[in-house]
1. Do any residues in the stretch 231-242 that are β-branched (Val, Ile, Thr) have Cβ atoms under 7 Å from those of residues that are more than 15 Å from ligand 2 (Cβ to nearest atom) and at pLDDT 95 or above, where the two are at least six apart or on different chains, and which pairs are they?
2. Any idea how many residues of the stretch 173-191 are within 10 Å of ligand 1 (Cβ to nearest atom) and either farther than 28 Å from ILE242 by Cα or buried (at least 17 other Cβ atoms within 10 Å of the Cβ) (or both)?
3. If a residue counts only when it is within 46 Å of the chain's Cα centre (by Cα) and crowded, with 19+ Cβ neighbours inside 10 Å, which strands (runs of 3 or more DSSP E) contained entirely in the stretch 53-134 have at least 1 such residues?
4. Given (1) in a loop (DSSP other than H, G, I, E, B); (2) within 11 Å of ligand 1 (Cβ to nearest atom), identify the lone condition not met by GLU198.
5. May I ask you to verify whether GLY221 is at positive phi, more than 14 Å from ligand 1 (Cβ to nearest atom) and small (Gly, Ala, Ser)?
6. Can you give me the number of residues within the stretch 194-216 that are free of Cβ contacts under 8 Å to residues at least 60 places away in the same chain, within 13 Å of ligand 2 (Cβ to nearest atom) and of a type outside the set (Gly, Ala, Ser)?
7. Go through the stretch 152-172 and give me each residue that's closer than 24 Å to ALA217 by Cα and either assigned to a loop (DSSP other than H, G, I, E, B) or within 14 Å of ligand 1 (Cβ to nearest atom) (or both).
8. Pick out the one residue from LEU272, LEU309, LEU301, LEU268 that is touching a residue at least 24 places away in the same chain (Cβ under 8 Å), under 27 Å from SER374 (Cα atoms) and away from ligand 1 (no atom under 11 Å from the Cβ).
Amino acid sequence: MVSQPAISDLDRMLRPEEARAIIFSRLQALPSEAVALGDAAWRVLAHELVALENHPPFEASTMDGYAVVADDPSPWREIVGRQTAGHVEVFVVELGTAAWITTGAPLPQGATAVVPVEATELAEDHVIIRQERVEPGDNIRPVGVDLARGTVALTAGTIIGSAEIGVLAGLGIDPVTVVRKPRISVLSTGNELVEPRELPGPGQIRDSNRFSLISAAIEAGAEVVWAGHGPDDLGELRATLIVRIAESDVVITSGGVSMGDLDLIKPLLGELADVHFRRVLMKPGKPFNFATSSETLIFSLPGNPVSALVGFEIFVRPALRHMLGANVIDRPRLPVRLEAAVRPSDRIEFQRAVVRVADTGELVARPTGTQASSRLASLVGANALVEIPPGSAEIPAGARLEALMIGPLASF
Ligand code: AMP
Ligand code: MG
């Protein structure tokens, strides 16, 4: 028998911060796994990485030119050798001599500077240095200038982007130990749902949430191990949920959490898991059930497409990023100026908007039209959820509010 908080407690409307705190208190770190360097992009580094060698490992030229002794008074130098990248000759540069050197080639013994070829003139087996002063160290890349041995190259939780993967490659880290992706199942529920490639019959609609939520989960760094839709049938949903809970780190459902007698996810969660809350004081997405069953997290989102995606954005995405141990969990919040007046509701509202940089340099938010929670078009092209605080008085155009950036800034 799972212990349940009292019903009145479960149905209490939580503020989004309270709901987030409850979710975060239930999160467990995921184990790590080794992946080939080539597959490590956009994964989360599991451990701090200390450079075990200097990078670069040898003193090298940063120019094509001549390796010389810096404080040689004579401009005439006898050419005593050639040093090209990846090829090491053994010779010594001393006063009165120089060696041809290419970018990235190791500095020959005795040389203390490189003079770029543009500042020289070739005269048979000699080179004439046409540069007033040559200082020791000129055009030389010192050992360990990128990364000195023993220093932290990348911290645990680093998201491995293109620069980071380059650092890993440069330090010879292959395979790379990353945090395992959370394994996710996505179940959309509703008797009215048909597959996108099917022709809906009377009263039927195509299941869009499953595909929206799959994409959102992948973008958040998860691996979708199963996805499907099920009818509003207690037996079928129960059978599916039991297996999905057993085989997933996270189960995401859509639909069936409202007050109708076919809203079966709500009672089923009560039967199969520990329910922590059912309602959040926000718009859209007020019915939002969060439950756990041993290690598995269950997020049950409402069926309206915008409510489902906004609920994912506000709660599920940060939870997944936190489980992944990512250094950055939340999307940025930016101050924006409202382009048009808005009428707040009794709950915090996440208005879909396009935030752009205005001529004044300020960020301006333009809502994406009608904000009905069934209108997926309000999210299409939106790069922000503008937080409209609850209240009764109209918020005038020009007011400053916060926006959660869900996409890149627009610049038109
Ligand atoms: P529910 O939360 O189950 O009461 O559903 C609320 C609204 O969202 C209804 O109009 C449903 O038809 C619609 N809906 C539910 N699930 C989906 C889905 N997977 N894709 C698109 N719309 C859905
Ligand atoms: Mg339904």
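The values are calculated or read from the model by the stated rules, or taken from the named source; none is laboratory data. Everything quoted here is computed from the prediction, not taken from an experiment. Counting neighbours? That spans all protein chains shown, and the Cβs are built from the backbone with ideal geometry, glycine included.
1. ILE242/LEU272
2. Count: 5.
3. It comes to 65-68, 76-83, 97-101, 113-116.
4. The single condition GLU198 does not satisfy is (2).
5. yes
6. 3
7. ALA156, GLY157, THR158, ILE160, GLY161
8. LEU268
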